[in-house]
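The values are calculated or read from the model by the stated rules, or taken from the named source; none is laboratory data. What you are looking at is a predicted structure, and each value in this text was computed from that prediction instead of being measured. Virtual Cβ from ideal backbone geometry, glycine too; neighbours counted across all protein chains shown.
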Amino acid sequence: MTRMVQCVKLGKEAEGLERPVYPGELGQKIWDHVSQEAWQLWLKHQTILINENRLSPVDPKSRAILVKEMENFFFGDGGALPEEFSPNPDK
């Protein structure tokens, strides 16, 4: 049976995550309020942040930035892309 959640990112009921994706209190909040579709949007957004800001997921400072951005993406103003980001690098 599919687990449904009221997704905070999409603003609608959607299929919930299959398993917890992040530890701790934030992880529980994500489990309770974020859909699979919204999590996939975050993974794409996170990849852009890592690449554009040259973050390293193993660096504690970079991880702290990503956690703050993840909270903002789901539970804040939605998160912004880096100013220099262009989805079409040839332009």
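Regarding the range 25-47, can at least one residue be identified that is hydrophobic (A, V, I, L, M, F, W, C), out of contact with any Leu (no Cβ under 9 Å at 6 or more places or on another chain) and in contact (Cβ under 8 Å) with a residue 40 or more places away in the chain?
Yes, the range 25-47 has at least one match.
Please verify whether the range 25-35 includes one or more residues that are assigned to a helix (DSSP H, G or I), loosely packed, with under 10 Cβ neighbours inside 10 Å, under 16 Å from the mean Cα position of the chain (by Cα) and not aromatic (Phe, Trp, Tyr).
yes
Is it the case, given these coordinates, that LEU55 is surrounded by 11 or more Cβ atoms within 10 Å (Cβ to Cβ) and assigned to a helix (DSSP H, G or I)?
No; evaluated as a whole, the condition is false for this residue.
Which of (1) assigned to a helix (DSSP H, G or I); (2) at pLDDT below 95 does MET1 not meet, given it meets every other one?
(1)
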